[in-house]
1. Just the accessible area for THR161, please: 1.4 Å probe, Å², rounded to the nearest 10?
2. Hey, if we sort MET127, MET241 by accessible area with the 1.4 Å probe, largest down, what's the order?
3. Can you tell me the equivalent ellipsoid semi-axes for the range 160-296? Use √(5λ) from the Cα gyration tensor, largest first, whole Å.
4. Using a 1.4 Å probe, how large is the accessible area of SER189, given in Å² and rounded to the nearest 10?
5. Measure of size requested: the Rg and Dmax of the range 246-296, with Cα atoms as the atom set and Å as the unit; please supply both.
6. What is the magnitude of the charge dipole of the range 248-296 about its Cα centre, with +1 placed on the Cβ of each Lys and Arg, -1 on the Cβ of each Asp and Glu, and no other charges, expressed in debye to the nearest 20?
7. I'd like the carbon and sulfur percentage of the solvent accessible area for the range 242-296, probe radius 1.4 Å, heavy atoms only, ligands and nucleic acids excluded.
8. On a 1.4 Å probe surface of the protein chains, which of TYR242, TYR133 comes out largest in accessible area, and what is the full order?
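The values are calculated or read from the model by the stated rules, or taken from the named source; none is laboratory data. Computed from a prediction, not measured in an experiment: that's the story for all the values here. Cβ placement follows ideal geometry from the backbone for every residue including glycine, while neighbour counts extend to all protein chains displayed. Keep in mind that these areas ignore ligands, DNA and RNA; they rest on the heavy atoms of the full protein, side chains included. Shrake-Rupley method; radii C 1.70, N 1.55, O 1.52, S 1.80 Å.
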Amino acid sequence: MTGVPASAAGGSSPAKQAKQMKSAKPANAANPATGAAAADASADRASDAVEPTAAVGSGVAGPGVVGPGAAGPGAAGPGVGPVAADGRAPRGGKLAAAAVNQASVWNIANLLTMLRLILVPGFVALMLADGGYDPAWRAFAWAAFAIAMITDLFDGHIARTYDLVTDFGKIADPIADKAIMGAALICLSALGDLPWWVTIVILGRELGITLLRFIVIRYGVIPASRGGKLKTLTQGVAVGMYVLPLTGWLATLRWWVMAAAVVLTVVTGLDYVRQAIVLRRQGIAAREAASQETEA
């Protein structure tokens, strides 16, 4: 078979190709600046597929792939830390994120709790002023008690709503609640306005349930029930009415309100005991099941 010359086929001979390659100058060598720019542009195009993004929730940059539909390089979603223009986390970003996530002790919820604690000795002083039977001092004592009860309604709600829950608040809030209620009950019983057995039942229940929560906390948390919240509200209204120097039908009404508070105190207390027993049994059963699975 006769071969077709390379020149006839539209190509070039090997000798001619070698000559052309030898005479050709690299573009980068002819212009170093242009070559460097081309290399940078090539690196930028290669890096378009992979961009450093921020680690979620930490403010620390890490490698991440920007997939289709992403907002663009460095696009941040919910909970993504700040990212600088060059893809790296800003200086001190990790510390800043930690400062934002850690609620300050001096927030509005804790300040309301502190106010309630401060009101306790003030309430006692007003309650016992001038022998404890002066209507004016009793009115001032009622105002202090009312402020304490109102702050009790709002501080926990504010802390949960605005993520201001702190270890201090978890400890101080129940202490403040028990302190103001216990101070009012003891003062009323000491002055002869309220039978001692009522004070003992209410305070005994509160302290007992608090202790019970700590005992079963290893198995879980006993949630606050609607009956418990109604009990707290009824107790506050009843004690407030006893603090005021009421007479006539209002004095009779406050007796019935206090009776309702005592009933709710006992009933909800028994319900908490039931929940604690169930929670303990479930916790023990779960541990035994986990232990058997581990042995198997």
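1. Accessible area of THR161: about 80 Å².
2. Values: MET127 0, MET241 30 Å².
The residues order as MET241, MET127, largest area first.
3. Details: eigenvalues 272, 56, 31 Å².
Over the Cα atoms of the range 160-296, the semi-axes work out to 37, 17, 12 Å.
4. 10
5. According to the Cα coordinates of the range 246-296, Rg and Dmax are 22.0, 73 Å.
6. On the way: 5 positive and 4 negative charges, 65 e Å.
Here the range 248-296 has a charge dipole of around 320 debye.
7. C and S fraction of accessible area: 65 percent.
8. Numbers: TYR242 15, TYR133 135 Å².
So, going from the largest accessible area down, we get TYR133, TYR242.
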